[in-house]
Number of protein chains: 2
Amino acid sequence: MAAIGAMPEIGGFRQKSRRSFVTLILTVLTSSQSILIVWSKRAGKYEYSVTTANFLVEALKCALSLVALLRIWRMDGVTDDNRLSTTWDEVKVYPIPAALYLVKNLLQYYIFAYVDAPGYQILKNLNIISTGILYQIILKRKLTEIQWAAFILLCAGCTTAQLNPSSDHVLQAPLQGWVMAIVMALLSGFAGVYTEAIIKKRPSRNINVQNFWLYVFGMIFNAFAIMTQDFDAVMNDGFFHGYSLITVLMILNHALSGIAVSMVMKYADNIVKVYSTSVAMLLTAVVSVFLFGFHLSLAFFLGSTVVSVAIYLHSTSKARR
Amino acid sequence: MAAIGAMPEIGGFRQKSRRSFVTLILTVLTSSQSILIVWSKRAGKYEYSVTTANFLVEALKCALSLVALLRIWRMDGVTDDNRLSTTWDEVKVYPIPAALYLVKNLLQYYIFAYVDAPGYQILKNLNIISTGILYQIILKRKLTEIQWAAFILLCAGCTTAQLNPSSDHVLQAPLQGWVMAIVMALLSGFAGVYTEAIIKKRPSRNINVQNFWLYVFGMIFNAFAIMTQDFDAVMNDGFFHGYSLITVLMILNHALSGIAVSMVMKYADNIVKVYSTSVAMLLTAVVSVFLFGFHLSLAFFLGSTVVSVAIYLHSTSKARR
């Protein structure tokens with residue numbers, strides 16, 4: 001990250017290759033994230049407290065940002081753009097994304113009263129559409145008609161690829177389930193787009209400083225979540241109860257993907273992030289065939305075809321702009 | 001048909017509205033065709049011989065073309081463009097589409113040794129791709145990249161809309177099944193594109209004359225099919241054994257849709273025909289909800305979304321040409 005953070009802005013090519021690089025890293029990390037989750041479920045080791053793990057993820061991201069900053073300060077010295085100290089005006093917006101994610105994660109506990117787990121996976125694809133809408137409204141950047149067509153295809157393709165015999169249940173989900181899914185999609189889309197707005201507002205500000213402040217508030221909000229949800233368990237069994245090698249790998253992976261998401265927000269945008277995580281979902285399925293002997297369904301092939309066409313349309317439309 | 005056939009070529013608007021009209025008629029007829037098939041299966045009345053019905057369809061189309069021609073002759077007189085007599089040079093290519101369809105229909109009996117019926121429905125969507133490829137090669141008209149993307153989406157969307165719990169079987173179909181499906185798709189695509197080439201070769205020639213000769217050879221080839229496949233049944237039980245009101249309606253519908261296909265070939269093209277029949281497939285499913293209490297699956301909604309985007313992309317791409 002330090003190398004990337006320190007890379008000077010010298011024209012379109014380097015900017016484009018850095019953009020591609022962080023997108024690639026995000027795709028690989030997101031994909032291996034899902035594989036780690038499948039692996040940990042298969043190993044039956046999923047009894048650690050999720051809130052402590054989330055807290056550690058934020059702490060690790062904070063630490064990594066500091067390490068990167070130390071390297072930069074040693075190389076370039078401390079400047080206005082890379083100093084850690086900040087103003088109220090700059091920092092006041094940083095808690096907002098962390099707060100939004102917290103509310104979204106709390107809602108997640110309640111939606112399962114209305115929707116089953118495969119149904120929730122399907123409904124999560126609404127994130128794609130909500131991100132597109134909020135990206136236009138908040139960042140005031142217009143997607144072309146072809147790019148919108150591509151975005152709708154991305155959503156339909158991802159959902160198709162995830163179809164399974166029980167996904168039709170989602171059509172019978174009560175209205176409350178749908179409303180909650182839409183609210184969650186809007187919260188998550190808003191958090192993503194708002195983070196991009198914060199990071200892009202000061203383009204010359206070093207990304208590691210911006211990340212540091214984002215993650216400090218992430219730590220605070222996750223500490224709050226530990227206290228409200230898992231206080232007794234942590235007090236009785238200890239903070240690291242149920243942790244295993246896989247848990248450590250998952251925390252490491254989540255921290256690195258979190259940083260990659262920030263980098264994509266800085267050097268690309270939320271639209272690229274959505275494409276990247278969608279491709280990661282397809283990659284995960286293909287890798288799972290080799291790792292866990294999963295079978296790919298016809299729906300998966302059809303969904304992947306539609307996602308591929310969506311990526312093609314998005315990229316040609318951008319080239320013509 | 002007579003009114004359309006006699007309509008003079010007076011500029012873009014009338015041509016475009018005629019194009020839309022024949023496309024609409026084809027969509028409605030194709031859709032009601034499938035509904036008649038479901039109805040006849042439900043009523044348990046499907047024991048008539050298919051070859052005799054096919055022969056009657058060709059005979060009826062021939063008769064309808066003649067009726068249309070009689071009206072035109074009475075109004076405009078007999079001209080070089082609407083006279084029924086023909087030259088060897090004009091008529092020699094007309095048997096080819098009929099022969100291709102015959103071979104394709106014969107193959108249909110053998111493919112079920114390798115693929116089940118829902119799998120065959122899925123594989124039939126390969127027609128869309130084969131039509132696109134042969135359209136480019138034979139008619140030498142180029143589809144733009146966006147139009148190709150739309151065509152791939154049309155194929156993926158139609159297949160998605162038809163997904164059912166047993167469609168994954170098609171992935172386990174033996175290689176022979178796939179090869180036969182591809183050969184059948186190529187035969188059917190070739191027959192369609194070749195028909196368009198024949199009809200478009202003489203733009204001023206009246207469509208009813210062109211249809212008459214196409215259908216005469218259709219009658220001859222279907223008479224051949226009766227003799228090779230159903231000769232004994234027809235001799236023992238009679239030509240009209242097992243016919244019912246639904247059978248008569250189906251023959252009437254097939255004849256009218258056949259004429260509509262020719263009209264679409266004359267005034268639009270095979271690409272429009274493929275879109276029209278795809279939309280008809282979706283329409284059938286929606287109408288079946290009301291008529292037969294069918295349920296629409298999530299896959300159907302996703303597939304319909306993808307098909308809608310495909311139609312949008314095809315139409316915007318055409319507008320920009």
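The set of residues in the range A:100-125 being within 18 Å of the chain's Cα centre (by Cα), within 13 Å of chain B (Cβ to nearest Cβ) and assigned to a helix (DSSP H, G or I) consists of A:121, A:122, A:123.
In the range B:36-52 there is at least one residue that is within 16 Å of residue B:253 (Cα to Cα) and modelled with pLDDT of 90 or more.
Look at residue B:197 and say whether it is over 30 Å from residue A:168 (Cα atoms), surrounded by fewer than 22 Cβ atoms within 10 Å (Cβ to Cβ) and either free of Cβ contacts under 8 Å to residues at least 60 places away in the same chain or away from every other protein chain (no Cβ under 14 Å) (or both).
yes
Residues considered: B:87, B:27, B:79. Of these, the only one that is of a type outside the set (A, V, I, L, M), over 29 Å from residue B:233 (Cβ atoms) and within 17 Å of the chain's Cα centre (by Cα) is B:27.
Among residues of the range A:153-167 that are at the interface with chain B (Cβ under 10 Å from one of its Cβ atoms), those with a Cβ under 8 angstrom from a residue that is among the aliphatic types (A, V, I, L, M) and not in a helix (DSSP H, G or I), sequence gap 6+ or separate chain, pair up as A:163/B:163. Against the definition (assigned to a helix (DSSP H, G or I), within 14 Å of another protein chain (Cβ to nearest Cβ) and touching a residue at least 60 places away in the same chain (Cβ under 8 Å)), how does residue A:309 come out, yes or no? Spelling it out, residue A:309 is indeed assigned to a helix (DSSP H, G or I), within 14 Å of another protein chain (Cβ to nearest Cβ) and touching a residue at least 60 places away in the same chain (Cβ under 8 Å). Just one of the listed residues (B:284, B:277, B:316) is part of a helix (DSSP H, G or I), facing chain A (nearest Cβ under 9 Å) and of a type outside the set (Phe, Trp, Tyr), and it is B:316. Here residue B:153 fulfils each of the conditions (1) among the aliphatic types (A, V, I, L, M); (2) more than 30 Å from residue B:294 (Cα to Cα); (3) not in a loop (DSSP other than H, G, I, E, B) apart from (2). Here residue B:136 clears all of (1) under 29 Å from residue B:165 (Cβ atoms); (2) of a type outside the set (Val, Ile, Thr); (3) away from every other protein chain (no Cβ under 14 Å) except the condition numbered (1).
Restricting the range A:155-181 to residues that are modelled with pLDDT of 95 or more and of a type outside the set (Gly, Ala, Ser), the residue that is farthest from residue A:100 (Cα to Cα) is A:160. For the condition in contact with a helix residue (DSSP H, G or I) (Cβ under 8 Å, 6 or more places away or on another chain), more than 14 Å from chain B (Cβ to nearest Cβ) and at pLDDT below 90, what is the one hit in A:231, A:240? Testing whether each residue is in contact with a helix residue (DSSP H, G or I) (Cβ under 8 Å, 6 or more places away or on another chain), more than 14 Å from chain B (Cβ to nearest Cβ) and at pLDDT below 90 leaves just A:240. Report, by residue number, each residue of the range A:202-231 that is part of a helix (DSSP H, G or I) and without any contact (Cβ under 8 Å) to a residue 24 or more places away in the chain. Listed by number, the residues that qualify are A:227, A:228, A:231.
The values are calculated or read from the model by the stated rules, or taken from the named source; none is laboratory data. Nothing here was measured: the structure is a model prediction, and the numbers come from that model. All Cβ positions, even for glycine, are placed from backbone atoms using ideal geometry, and neighbour counts span all protein chains on display.
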